[in-house]
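One structure is given below, encoded as structure tokens.
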Amino acid sequence: MQLDDMLTAWATHGEKIDRLLDVNEHLLRDVTTRKVRSALLPHLAWRTFEVAVGIAVSILSGTVLSQHLDNVLYVTVAGSVFLFAVFLTITTAMLIVRALQLDHGGRVADVQHQVAKLKRAEFHAFKWALLGGVVLWLPALLVLAEALLGSESTTHRGHTHAIDSQLLAHVPLPWLLANIAFGLVALAIGQFWAKKHVDTKLRSPWGQRLLDHVSGRQLRAISRHIDELSAFSNEASAR
Amino acid sequence: MRIMHSMALDANQFTELIRQHRGLIHKVTLAYCADPTDREDVAQEIAAQLWRARDKYDERFRITTWIYRIALNVAISFYRRERRHHTGRQPLDEQLLVQTGDEQLEVSEDVQRLLVCINTLGAIEKALVLLYLDGHDHAAIADVLGTSNSNVGTKLNRIKAKLRTCLTGGAPTTTPENSNATR
């Protein structure tokens with residue numbers, strides 16, 4: 001037997017290697033897609049719950065707003081809460097749409113890119129919810145309490161107070177404004193700090209860890225599964 | 001003076017290129033690395049080198065010639081480094097030669113025997129045989145290995161004689177690596 005006699009056998013060997021690598025990748029892609037889908041379900045369920053809460057808050061704050069359209073304080077405070085709730089609801093709904101648009105059958109690099117974009121979008125949504133929350137947590141609490149409690153009584157420092165439906169109107173204005181001002185300062189500092197130290201470093205290992213933590217366990221798991229598939233695709237030649 | 005034509009591949013096109021030719025990279029790593037983990041490392045290094053060299057591809061040559069040149073450079077460097085660290089290395093286990101990750105590649109007896117015989121060759125000789133078996137002509141082989149056509153012809157005849165002995169049942173004789181055999 002000579003080397004020249006082996007040319008056909010070697011060509012067949014090459015074809016077998018190609019076929020086997022294709023089959024392995026196909027199987028791994030199937031398994032990974034199933035894992036990604038099952039990791040995505042709790043993520044979508046949680047985001048859907050958030051949208052439902054956002055819609056409820058929007059309706060409640062919108063109701064309070066509509067009842068006091070002639071009051072500048074209400075228009076300003078309840079209006080801000082309403083707009084913030086609508087903004088967060090739309091942002092969360094867009095996150096759901098983006099998650100649903102993940103192309104499981106696409107190229108691995110594309111799926112990785114989509115997941116990375118989704119994680120960055122999750123981070124920005126979280127950032128604005130956090131910063132906006134610092135400004136509006138107190139007004140939101142008052143507006144929602146007014147919408148939910150109406151004219152019920154409440155106990156404060158051992159004394160029972162009857163409160164009417166215009167809860168916001170009874171809050172000392174300077175105190176409310178001081179809280180909002182503090183929140184706005186915190187928002188400005190937070191946004192400045194995020195832009196300078198976080199947004200520009202989201203691709204660094206530190207930024208990736210932050211994205212992992214902010215975007216949650218499910219997206220972390222999805223990233224891991226896709227990365228495994230990517231590692232196989234890129235390294236399959238070595239197996 | 002040779003004119004270089006850049007491929008200007010983006011990341012996705014490059015990944016696709018690697019995917020299309022992973023069988024080639026697999027064959028190279030299989031010939032030079034006994035350990036599957038080493039094969040993964042070498043394949044990663046090959047991919048990294050291909051990415052770095054993607055602007056230097058000369059379109060007058062086949063894409064496989066370009067991939068072979070880089071893959072063999074990486075694999076041969078690894079092989080020589082390993083030889084320095086493991087001077088008393090044993091011949092490769094036949095099973096190791098045909099393992100392909102989780103799945104076992106069904107390799108015909110002829111190819112198994114050929115792989116064992118190829119493993120007895122030196123680093124450059126292995127490269128020459130791989131290129132020859134994959135249908136590259138003498139000019140392409142000479143270009144990949146940086147030598148002359150006539151040198152390729154001479155070496156190939158010598159290797160064929162060695163492999164004939166090995167394939168027909170003669171005791172395979174390990175060739176000491178000739179580090180500057182072709183350059």
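The values are calculated or read from the model by the stated rules, or taken from the named source; none is laboratory data. Predicted model, so just to flag it, every value in this text is computed and none were measured. Cβ atoms come from the backbone with ideal geometry, glycine included; neighbour counts cover every protein chain shown.
Quick one: is A:Val64 within 14 Å of chain B (Cβ to nearest Cβ) and in a helix (DSSP H, G or I)? Let's see the steps before the verdict.
Working: within 14 Å of chain B (Cβ to nearest Cβ): no; in a helix (DSSP H, G or I): yes.
Answer is no for this residue.
Checked against the criterion of being closer than 21 Å to A:Glu146 by Cβ and in contact with a Leu (Cβ under 6 Å, 6 or more places away or on another chain), the candidates A:Gly62, A:Gly79 yield just one match: A:Gly79.
Kindly indicate whether any position in the stretch A:148-159 is assigned to a helix (DSSP H, G or I), modelled with pLDDT under 85 and under 26 Å from A:Ala93 (Cβ atoms). Yes, the stretch A:148-159 contains at least one residue that is assigned to a helix (DSSP H, G or I), modelled with pLDDT under 85 and under 26 Å from A:Ala93 (Cβ atoms).
Conditions tested, residue by residue: (1) among the acidic types (Asp, Glu); (2) within 20 Å of A:Leu7 (Cβ to Cβ); (3) out of contact with any Leu (no Cβ under 8 Å at 6 or more places or on another chain); (4) within 13 Å of another protein chain (Cβ to nearest Cβ).
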site: B:Val107; (1), (2), (3), (4): no, yes, no, yes
site: B:Ala142; (1), (2), (3), (4): no, yes, yes, no
site: B:Gly153; (1), (2), (3), (4): no, yes, yes, no
site: B:Arg158; (1), (2), (3), (4): no, yes, yes, yes
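Taken over the stretch A:1-41, the criterion of being farther than 28 Å from A:Ala99 by Cα and either in contact with a Cys (Cβ under 8 Å, 6 or more places away or on another chain) or in contact (Cβ under 8 Å) with a residue 24 or more places away in the chain (or both) is satisfied by A:Leu21 alone.
Every test in (1) surrounded by fewer than 18 Cβ atoms within 10 Å (Cβ to Cβ); (2) in contact (Cβ under 8 Å) with a residue 40 or more places away in the chain is passed by A:Phe84 save one, and that test is (1). The single residue among A:Leu100, A:Leu41, A:Leu28, A:Leu131 that is more than 23 Å from A:Glu228 (Cβ to Cβ) and either in contact with a Gly (Cβ under 8 Å, 6 or more places away or on another chain) or not aromatic (Phe, Trp, Tyr) (or both) turns out to be A:Leu131.
With respect to the stated conditions, B:Glu125 fails to be within 11 Å of chain A (Cβ to nearest Cβ) and either farther than 21 Å from A:Thr8 by Cβ or at pLDDT below 85 (or both). Answer yes or no: is there a residue in the stretch A:37-54 that is surrounded by 15 or more Cβ atoms within 10 Å (Cβ to Cβ), modelled with pLDDT under 85, more than 24 Å from the chain's Cα centre (by Cα) and in a helix (DSSP H, G or I). Taking every residue of the stretch A:37-54 in turn, none turns out to be surrounded by 15 or more Cβ atoms within 10 Å (Cβ to Cβ), modelled with pLDDT under 85, more than 24 Å from the chain's Cα centre (by Cα) and in a helix (DSSP H, G or I).
Any chance you could count how many residues in the stretch B:128-140 are within 11 Å of chain A (Cβ to nearest Cβ) and either part of a loop (DSSP other than H, G, I, E, B) or of a type in the set (A, V, I, L, M) (or both)?
Taking the stretch B:128-140 first, the residues within 11 Å of chain A (Cβ to nearest Cβ) are B:128-130, B:132-135.
Going one step further and asking which of them are either part of a loop (DSSP other than H, G, I, E, B) or of a type in the set (A, V, I, L, M) (or both), we end up with B:128-130, B:133-135.
Qualifying residue count, the stretch B:128-140: 6.
Each residue in the stretch B:38-67 was checked for being within 22 Å of B:Gly135 (Cβ to Cβ), within 14 Å of chain A (Cβ to nearest Cβ) and exposed (fewer than 14 other Cβ atoms within 10 Å of the Cβ), and 0 pass.
Hey, among A:Thr92, A:Thr12, which residue is of a type outside the set (A, V, I, L, M, F, W, C) and within 14 Å of another protein chain (Cβ to nearest Cβ)? Of A:Thr92, A:Thr12, the one residue that is of a type outside the set (A, V, I, L, M, F, W, C) and within 14 Å of another protein chain (Cβ to nearest Cβ) is A:Thr12.
When every residue of the stretch A:16-33 is checked against the conditions, none turns out to be touching a helix residue (DSSP H, G or I) at 6+ places or on another chain (Cβ under 8 Å) and loosely packed, with under 13 Cβ neighbours inside 10 Å. Residues in the stretch A:38-61 that are of a type in the set (A, V, I, L, M) and more than 14 Å from A:Ala140 (Cβ to Cβ): A:Ala39, A:Leu40, A:Leu41, A:Leu44, A:Ala45, A:Val51, A:Ala52, A:Ile55.
Being within 18 Å of B:Ile118 (Cα to Cα), over 15 Å from the mean Cα position of the chain (by Cα) and without any contact (Cβ under 8 Å) to a residue 24 or more places away in the chain is the filter here; which residues of the stretch B:32-89 pass it? B:Arg89 - this is the single residue of the stretch B:32-89 that is within 18 Å of B:Ile118 (Cα to Cα), over 15 Å from the mean Cα position of the chain (by Cα) and without any contact (Cβ under 8 Å) to a residue 24 or more places away in the chain.
Starting from residues that are of a type in the set (Asp, Glu) and touching a residue at least 40 places away in the same chain (Cβ under 8 Å), keep the ones in the stretch A:93-146 and report whichever is surrounded by the fewest Cβ atoms within 10 Å (Cβ to Cβ).
Kept after step one, since they are of a type in the set (Asp, Glu), are these residues of the stretch A:93-146: A:103, A:110, A:122, A:146.
When the remaining residues are screened for being touching a residue at least 40 places away in the same chain (Cβ under 8 Å), the result is A:122, A:146.
On the way: A:Glu122: 22, A:Glu146: 27.
Among residues in the stretch A:93-146 that are of a type in the set (Asp, Glu) and touching a residue at least 40 places away in the same chain (Cβ under 8 Å), the one surrounded by the fewest Cβ atoms within 10 Å (Cβ to Cβ) is A:Glu122.
Can you tell me which residue in the stretch B:8-33 is nearest to the other protein chains (Cβ to nearest Cβ), limited to those that are assigned to a helix (DSSP H, G or I) and small (Gly, Ala, Ser)?
Narrowing the stretch B:8-33 to residues assigned to a helix (DSSP H, G or I): B:11-20, B:22-32.
Imposing the further condition that a residue be small (Gly, Ala, Ser) reduces the set to B:11, B:23, B:31.
Numbers: B:Ala11: 6, B:Gly23: 4, B:Ala31: 12 Å.
Selected residue: B:Gly23.
Conditions tested, residue by residue: (1) of a type outside the set (A, V, I, L, M); (2) modelled with pLDDT of 90 or more.
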site: B:Asn73; (1), (2): yes, yes
site: B:Glu94; (1), (2): yes, no
site: B:Gln104; (1), (2): yes, no
site: B:Val111; (1), (2): no, no
site: B:Asp134; (1), (2): yes, no
site: B:Ala140; (1), (2): no, no
site: B:Leu145; (1), (2): no, no
site: B:Arg158; (1), (2): yes, yes
